[in-house]
1. Under the rule of at least 5 residues apart or a separate chain, name every residue whose amide H is placed under 5 Å from the amide H of G55.
2. For T121, T39, give me the order by solvent-accessible area with a 1.4 Å probe, most accessible first, ignoring ligands, DNA and RNA.
3. Note the full-extension length gain between T149 and T30 as 0.36 nm times their separation in residues minus their Cα-Cα distance, in nm to one decimal.
4. What number comes out for the charge environment of N131, summing +1 per Lys or Arg and -1 per Asp or Glu over other residues with Cβ under 9 Å away?
5. Just by accessible area at a 1.4 angstrom probe, what is the order of K138, K114 from largest to smallest?
6. If you stretched the chain out fully between V122 and R159, how much longer would it get, using 0.36 nm times the residue separation minus the C-alpha to C-alpha distance?
7. So, in nm, how far is label I68 from label E89 when the simple model puts each one 7 Å beyond its Cα toward the Cβ?
8. Rank these residues by their accessible area, most exposed first, probe 1.4 Å: K64, K84.
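The values are calculated or read from the model by the stated rules, or taken from the named source; none is laboratory data. Since the model is a prediction, treat every value here as computed from it, not as a measurement. Neighbour counts run over all protein chains shown; Cβ positions are idealised from the backbone, glycine included. The protein model used for the area step is the full one, side chains on, heavy atoms only, and it has no ligands, DNA or RNA in it. Shrake-Rupley method; radii C 1.70, N 1.55, O 1.52, S 1.80 Å.
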Amino acid sequence: MNSLFKTCSALAAASALLVACGGGNNDDPTPSNEPGILTVVDATLPGLNGVYGNGALNLTEVDKKNPIGSVPELCTFRFDGANKVGSTETAFGDVRYRPDATGLHQIFVTFAGKEYSNGDTVDTVVARDSNQVRLSSKTLSATDGSGNTLKVSGIIPMRPNRPLGC
């Protein structure tokens, strides 16, 4: 009985440690030293207008994914920690671009709990030499079908150790 208790205690401690450390994977953005900033204007929900990012953003590693089907091979990463200046609101997102492309394939950004997206390369730059993705008055539309839109400009950093082409 004592041996069973020790085994269960060890398993519980290991499980708690894995949860505390992110489960042993890099799916969640982690702190970086890379500054990022997003400025939202012309939002149909005016409370979303403002500056997001008052320091370094949290980032995942850039992964190269080649899904089965009609979706092309993509370089992807996520970010969070873009806190709205003067507010408790925050922004986080998912960035996707094709290897060796100069613009985004798709971006999803959640501002104050509402997700927005766009799936074209217009008004975007993937600047590998600067380890950044740049947005210039990029129009994003709400993914919930509400018809809400906003324009976002800014810089989203990327981690420098990326797969070939990313």
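1. G36
2. Result of the area sort, largest leading: T121, T39.
3. Separation in residues times 0.36 nm, less the Cα-Cα distance, equals 40.0 nm.
4. Result for the local shell: +1.
5. If we order K138, K114 from most to least accessible, we get K114, K138.
6. Taking V122 through R159 to full extension adds about 11.0 nm, to one decimal.
7. The answer from the label model is 4.1 nm.
8. K64, K84
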